[in-house]
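Beneath this line is the structure, given in structure tokens, with notes to follow.
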Amino acid sequence: MKTTFLRKMAMCVAMTVIPTLSVNAQEEEVAASNKPTVFVEASGTSSEAKAVRNAVLTALSNCGRLIILDAESEAIASKEDIRRTGENVTAGSDMVAERMGAVVRLGAQYYLNVTVDDVSHTSTKGSSSTTANCKITITVKAIDPSESKVLNTQQMNFTGSNSKNLRDEAFNSALESITSKGSVLGQNPLLQFIDSQFPVVCQILEINEAKKDKAVTVYVNAGSDNGVTKGTKFEVFKDKKVGTRVASVPVGELTAEDVQAGDLTLCKVSKGADVIFTEFNNGTTLKVKSRAKKDVWGKIGL
């Protein structure tokens with residue numbers, strides 16, 4: 001009787017474990033997108049504009065999505081074609097094509113232009129004190145240098161304040177809204193722009209844990225090498241034939257929990273657990289793409 005009981009227990013455990021470690025042959029392999037190499041150039045010669053430029057570069061570096069070529073670094077600035085063509089280049093200029101050609105020769109897939117439009121200072125008087133306020137306005141433009149084609153342009157604002165009416169501290173506060181590490185998961189328009197323009201694309205490799213025919217955690221084939229960090233939000237898609245076309249249909253959502261390697265991340269399934277479980281075990285290739293995070297008001301953030 002004891003042997004029979006233990007045998008039954010072993011079978012129950014096996015039936016529980018098998019669906020939680022699903023590794024099925026998929027329809028196709030989706031290679032994870034590599035970090036793009038981006039040539040970054042910012043305008044402005046004032047001390048405030050230079051501080052904004054440095055803050056933007058810090059934010060871009062912190063987000064981990066890009067390999068950055070700084071236009072003002074010594075190694076880049078010393079190149080004659082970049083220095084020569086960089087003078088007086090504006091949108092629509094005859095020199096733009098030559099400038100973009102120089103960027104391509106440096107190995108950049110994208111050109112990111114940052115214009116410091118304005119840095120404004122105001123004061124707000126209260127009953128017992130005056131608060132210094134600062135608003136930084138920049139415009140970010142993403143360009144495909146191989147075709148001199150503008151891909152995306154967005155103007156964005158960053159604000160800061162100081163309750164002791166210290167103008168410099170208010171400016172520093174506005175800079176921090178650009179560079180703050182917490183902004184990676186918050187409402188930072190610069191990082192929203194980067195997430196939209198340079199998403200991480202990959203696929204579900206394995207269902208790590210499942211309960212009652214629902215995927216709880218999964219592995220994706222992207223990690224630190226692709227710019228994935230803890231908290232990165234993903235949307236899951238499957239291909240569906242619609243007439244003569246193939247459309248990507250959303251089936252679920254994931255949140256990165258543990259970046260375990262350069263090409264591996266454990267994610268928690270936050271939506272579509274039953275569909276993901278069924279489709280994956282049917283051999284469907286489930287494509288994954290990083291997406292903007294929605295707050296409780298439905299606004300979009302990274």
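Just so you know, all these numbers are worked out from the coordinates, no wet-lab data involved. Only a predicted model underlies this, so the values are computations on that prediction, with no experimental measurement involved. Positions of Cβ are backbone-derived with ideal geometry, glycine not excepted, and every protein chain shown enters the neighbour counts.
Before moving on, here are some points about what is shown:
- Entries in K149/K233; K212/K233; K149/K240; K141/K289; K35/K241 that, when Cα-Cα distance is taken, lie over 27 Å: K149/K233; K149/K240; K35/K241
- Rounded to the nearest 20 debye, dipole of the stretch 250-289 from Cβ charges on Lys, Arg, Asp, Glu: 140
- Charge tally in the Cβ shell below 15 Å around V216, where Lys, Arg are +1 and Asp, Glu are -1, V216 excluded: -2
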